[in-house]
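A short worksheet on the structure shown next.
The values are calculated or read from the model by the stated rules, or taken from the named source; none is laboratory data. On a predicted model such as this, the values are computed, not experimentally measured, just so you know. Cβ: placed from backbone, ideal geometry, glycine included. Neighbour counts: every protein chain shown. Heavy atoms of the whole protein, side chains included, go into the accessibility calculation; ligands, DNA and RNA do not. Shrake-Rupley method; radii C 1.70, N 1.55, O 1.52, S 1.80 Å.
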Amino acid sequence: MAIGAALAALISTARSTAAADIDVTDLVAHPHFQHSIVSMAKTGRGVEVRYTAADAFFVISLDRELPQGRLRLDVASLGALSSAELYYGHRGEAPRPGLHAFGVIDPLEHRIDFPLLAGDYGELRIDLDPDTQVAEIVIQRASLVGPDPLDSPLLQHVLIWVFAGAIALAWLVPGLLLQVIFFPGRDPETFELACFPLGIAFHFLFYALLGILAERTTGAAAPPRLWAWAWAASLLFASAAALSGPRRARMRAVVRRERAPLLCFAALLFVSTLLLGLDERLPLTHFGFGNVAGVKTFTTYESGDNFFQYANGRAIALHEPFSRYYGDGKLTYDVTAREILPGVLYSVMRQILAAGSGVLSDSFFLYTLFGTVLNLMVIFPLAHLARRYGYGGLFPALCLTLAANAFFLANSYYAWFKFAGAALVLSGFALLLEEGHSISSWLWAGALFGLGGNMHAGNLLALPPFLAWMTWRRLRAAPARLRALLAPIALCLVTAACMFPWNLVKLKYLHRDDALFEELFLNGEHDPRGLLASLRDFLHSVPLREQLVFRASRILAALRLPEIASWVAALGSSSLSGAALRWSRLELRYSAPLLYPCLAFFALEKRLFRGVAGTAAPQNQREQRALLWLGGLTLFGVVAGAYGQHPPDLTAVEPNAILLLVFLLLAGRVLAGSPPVAAAYLVFSLLQGMRVLAVLIHVS
């Protein structure tokens, strides 16, 4: 990330070779047409514009031939401005819908730039889109300036790859260094479980020190350059400590041992970055949540779920109220309905990038890359579990089968952090499976579960069956059963402690919010007195018989047989691309179509649950079988327990940690089984991956 900040600084300071700026403030102060502008007047502060959210714009007459450059509006404050757009016509023409430029907003420099191609310009129409019903902006100066380096599509497409690598290293390297420094006696495989949580701790510490402590102490926000220098210095110090003495050999051993997972991580990041930027001309400056939602999710997720943590991180970094983004129901749910940890971590990245460029720190594309890197951290606990069950040598092939579907690929770059939470929950699972005899492992697992819940609370639905089974195992093996219960109790307390800070903030400064839980499990029943009161209201309003009938119908519907039959029936009358798109939607949307192909190959194995697949010990084979049953029970439990308008078998509702775990174990069994079935499954996965990529390229 330091590389990214340095590049951003270099770009922001690049000098234009164009002629001197041309002041056009008087033209802006006297537009010849206005729409939804409450008032517009030139004062001592500048051109004060008060406007509404009802398609506000003003039109000026430029009538000038221009080289390539930008129209720049320097403002006293951006206020509630969300976005700006410019429409233009050629000399003597009114603005035309097909001729437009999106505004590039710099929240730190307080300016709006509209890139202009070389041409003969007539009228310019400047549209202002606020976050509130009525807003105000003070334009201190309007000028025609030379082009910016970021106006080059080639440069932007080069930079997205640089930033993808920089953000990945910014999360992999701190975890690696801290593991080598603080856990010298652990096996190299500890990296798979510790890298991500240690990276979270590293970046959260910066937020605590510079974003909270320094600000409270000095009464002023720490400047972005301090964030960047402190981050780089800490990394250099940790590198010096990790590369000294015997630690250097230890670090090399970790990197060698983790070569396969690291290569899989890099390959998936490459594919995600390629797909995100493939159809975008200027991805760093002209990319929003809608460029991912809809088109790149096979038109399945068209809401703004990938925008929430961007809004949270932006509000935290710029010291804005959350109400700017969530007020008046603009984002359906309030900020309190979701977790805050991804937003906090993203705000740290924004601060570091802001040391170089306010525009790049505000880039939604870089936020999406940030989310992609965090989501792909799930590769490492999956690699750890694969090795535990004897599939370590097969992990690249396993990774192919895992990723070659619409569910995995879309959730990799759709920044709602479900996979990031799954990574932490799966790490907790692996820790308990390996060291469940140690109470310290239960405490660490509790912290991992708490962090996973802070990434996305939906993954906490994975815990009850697994923890019940682990507790039973512990009780069965312990002579003093009452004392053995202390570990599970401690785990729950640690998990709750990790979830407590954000809940405390909500109680003190915002409000309690159980909207998503109530919507999923209580049919939207809400009582302001709290969740228990809402539960009582639900039980009172919905008779038990009605509940049973409804839940039974949901369990049957979760098989998704009518949807699959409808897809099969349409094969003869639809194009190949249409059929591929519809199956991709089913695969991304519902759990059953996602798992059916893997289950089919799994069923082909002649010695189902009878032989030894892979190189795992018999004990681990029994454990693998138990985990499959627990996974199935968890998925069934969510479907049976949910009661609301949303189908509970949606992959967006089911705990992604369980979906990934079940898929891993099924695919591992197939690939480690009889060679003909394994080869057929691998070929199927390759074809399936080609189908997913072809659909995404086609719809983009």
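Per-structure values
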read-out: Acute angle (nearest 10 degrees) that the helix 486-509 long axis makes with the longest principal axis of the chain, alpha-carbon atoms; value: 20
read-out: Volume per residue that the Cα convex hull of segment 462-591 spans, once the total is divided by residue count, Å³; value: 219
read-out: For the chain, cysteines whose Cβ has no other cysteine Cβ within reach (under 4.7 Å); value: Cys195, Cys492, Cys498, Cys598
read-out: Quotient of Cα Rg and 2.2 N^0.38 Å for segment 628-700, N being how many residues it contains; value: 1.41
read-out: Residues of type aspartates and glutamates that Lys418 reaches as a straight line, Cα spacing below 17 Å, ignoring anything fewer than 8 places off in the same chain; value: Glu302, Asp305, Glu339, Glu587, Asp649, Glu654
read-out: Pair-distance profile P(r), taking every C-alpha pair of the chain, with 20 angstrom steps and integer %; value: 16, 48, 30, 6, 0
read-out: Distance between modelled label sites at Asp23 and Ala533, nm, 7 Å Cα→Cβ extension; value: 6.2
read-out: Mean residue ellipticity (222 nm) of the chain, computed from DSSP H runs ≥ 4 via -39,500 (n - 2.57), nearest 500; value: -18500 deg cm²/dmol
read-out: Stretch in the chain that is longest and holds no chymotrypsin sites (Phe, Trp or Tyr not before Pro) that DSSP places in a loop and that have at most 15 other beta carbons within 10 Å; value: 1-332
read-out: Spatial extent of segment 311-393: Rg and Dmax, with the Cα atoms as the point set, Å; value: 16.9, 53
read-out: Zero-based 10 Å bins, Cα pair distances in segment 13-102, whole percents; value: 12, 45, 35, 8
read-out: FRET efficiency, Arg625 to Cys492 (Cβ-Cβ, R0 30 Å, nearest 0.05); value: 0.70
read-out: For the chain: accessible area per residue (Å², 1.4 Å); value: 42
read-out: With at most 14 neighbouring Cβ atoms within 10 Å, loop trypsin sites (Lys or Arg not before Pro) (DSSP) excluded, longest segment of the chain; value: 92-280
read-out: Principal-axis tilt of helix 463-477 within the chain, Cα atoms, nearest 10 degrees; value: 30
read-out: Segment 404-460 and segment 565-609: distance between their alpha carbon centers, rounded to Å; value: 27
read-out: Solvent-accessible area, 1.4 Å probe, carbon plus sulfur percent, for segment 310-426; value: 56
read-out: Between 0 and 90°, nearest 10: helix 675-699 axis offset from the chain longest Cα axis; value: 20
read-out: J(HN,Hα) series, segment 635-644, from Karplus relation 6.51 cos²θ - 1.76 cosθ + 1.60, nearest Hz, glycine and proline x; value: 4, 5, x, 5, 5, 6, x, 6, 8, x
